[in-house]
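Colleague: Sharing a structure here in structure tokens format.
The values are calculated or read from the model by the stated rules, or taken from the named source; none is laboratory data. In this text, all values refer to a predicted model and were calculated from it rather than measured experimentally. Cβ: placed from backbone, ideal geometry, glycine included. Neighbour counts: every protein chain shown. The area values use the complete protein model at the heavy-atom level, side chains included, leaving out ligands, DNA and RNA. Shrake-Rupley method; radii C 1.70, N 1.55, O 1.52, S 1.80 Å.
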Amino acid sequence: MHKISGVFSAALTPVKNDLSINKDLYLRHCQYLMRQGHDGLAIFGTTGEANSFSVQEKKDHLDFLVSNRIDPNILMPGTGSSSLNDAIDMTKHAASHKVKAVLLLPPFYYKKPTQQGLIDYYTEIIQRTNDSRVQIYLYNFPQLSGIHLNADLVVTLHEKYPEVIRGYKDSSGDWNNTKEILAKCPDIIMFPGSEIYLTKVLGIGGAGVISGTANVNPSKIKQAYSLFKTDPVKAAELQNDIDIFRTNVE
């Protein structure tokens with residue numbers, strides 16, 4: 001099974017005045033990001049305001065992108081939901097397009113679920129989706145979800161479903177958590193949610209970055225990724241520029 005790596009934009013979802021998704025602008029923005037040399041698009045994540053749209057809206061617009069020659073093999077849609085059935089529905093739909101992977105939030109809103117409850121949630125989605133094409137990337141963003149996907153959970157799920165639980169997006173901003181996940185589960189494909197950690201994570205075996213700021217600073221992030229192995233001095237210079245840009249945006 002292929003290993004995903006590189007720079008992924010957490011793509012914005014433009015809307016019209018009536019709050020419906022602006023299809024034409026959405027398509028043009030995705031095309032623009034890919035022209036910057038990015039390796040993929042994480043659509044309907046946090047930056048894409050996934051939880052502001054219905055499952056049907058997200059399914060329809062995934063269909064729209066694919067029908068307009070956005071290669072599903074570069075797409076990593078968010079499919080998580082507090083509703084188990086909605087998460088299964090969206091994951092199945094994404095899998096039907098043979099997308100590269102899906103980003104799966106834990107069930108949010110009701111806080112402090114047990115570890116076993118989280119294992120059961122992901123297990124139900126995997127079993128009911130029942131599609132060998134699915135690659136699930138656990139999406140850790142405790143500041144918004146209220147739930148931290150810790151290293152022990154990752155190890156348990158990856159050992160139980162090694163061909164399905166393939167990666168982890170860490171938007172916690174906690175570098176120690178990123179390091180711990182990789183130390184305890186070195187086969188997991190790690191993407192931090194901020195390019196501030198790009199060269200650091202590449203240095204310990206991480207795969208790249210999935211970043212919202214890549215919507216507005218796409219080429220420099222990709223350059224730093226590409227130069228990391230061949231010209232580490234230049235990559236470090238670019239990383240400094242990236243850090244300044246990200247800090248100013250935040």
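Colleague: Show the residue pairs that are 6+ apart or on different chains and have beta-carbon atoms under 9 Å apart, the first residue being within the stretch 74-100 and under 11 Å from A42 (Cβ atoms) and free of Cβ contacts under 8 Å to residues at least 40 places away in the same chain, the second being surrounded by fewer than 19 Cβ atoms within 10 Å (Cβ to Cβ) and basic (K, R).
Modeller: V99/R133
Colleague: Restricting to the stretch 120-145, and then to whatever is hydrophobic (A, V, I, L, M, F, W, C) and either touching a residue at least 40 places away in the same chain (Cβ under 8 Å) or not in a helix (DSSP H, G or I) (or both), can you tell me which residue is farthest from A11 (Cα to Cα)? Working first, answer last.
Modeller: Just the residues of the stretch 120-145 that are hydrophobic (A, V, I, L, M, F, W, C), to begin with: 125-126, 134, 136, 138, 141, 144.
Subset that is either touching a residue at least 40 places away in the same chain (Cβ under 8 Å) or not in a helix (DSSP H, G or I) (or both): 125, 134, 136, 138, 141, 144.
Values: I125: 24, V134: 21, I136: 18, L138: 18, F141: 17, L144: 18 Å.
Ranking the qualifying residues of the stretch 120-145, first place goes to I125.
Colleague: Hey, can you tell me all the residues within the stretch 159-181 that are farther than 17 Å from P106 by Cα, out of contact with any Pro (no Cβ under 9 Å at 6 or more places or on another chain) and in a loop (DSSP other than H, G, I, E, B)?
Modeller: Those that are farther than 17 Å from P106 by Cα, out of contact with any Pro (no Cβ under 9 Å at 6 or more places or on another chain) and in a loop (DSSP other than H, G, I, E, B): P162, E163.
Colleague: Would you please list the contacts, defined by Cβ atoms under 7 Å and residues six or more apart or on different chains, that run from a residue in the stretch 12-32 that is within 16 Å of V216 (Cα to Cα) to a residue that is acidic (D, E) and open to solvent by 70 Å² or more (accessible area, probe 1.4 Å)?
Modeller: Going by the 7 Å Cβ cut-off, the qualifying pairs are T13/E49.
Colleague: Filter the stretch 210-250 down to the residues that are within 16 Å of Q36 (Cα to Cα), open to solvent by less than 60 Å² (accessible area, probe 1.4 Å) and of a type in the set (K, R) and list them by number.
Modeller: K222
Colleague: Being open to solvent by 70 Å² or more (accessible area, probe 1.4 Å) and in contact with a helix residue (DSSP H, G or I) (Cβ under 6 Å, 6 or more places away or on another chain): is that true of E180 here? Break it down into steps so the answer makes sense when it comes.
Modeller: Details: open to solvent by 70 Å² or more (accessible area, probe 1.4 Å): yes; in contact with a helix residue (DSSP H, G or I) (Cβ under 6 Å, 6 or more places away or on another chain): yes.
In short, yes.
Colleague: Inspect all residues belonging to the stretch 98-108 and state whether any of them is surrounded by fewer than 17 Cβ atoms within 10 Å (Cβ to Cβ) and closer than 22 Å to I126 by Cα. If you could, list the steps in order and put the result at the bottom.
Modeller: Going through the stretch 98-108, the residues surrounded by fewer than 17 Cβ atoms within 10 Å (Cβ to Cβ) turn out to be 98.
Then drop every residue that is not closer than 22 Å to I126 by Cα, which leaves 98.
Yes; the residues of the stretch 98-108 include at least one that is surrounded by fewer than 17 Cβ atoms within 10 Å (Cβ to Cβ) and closer than 22 Å to I126 by Cα.
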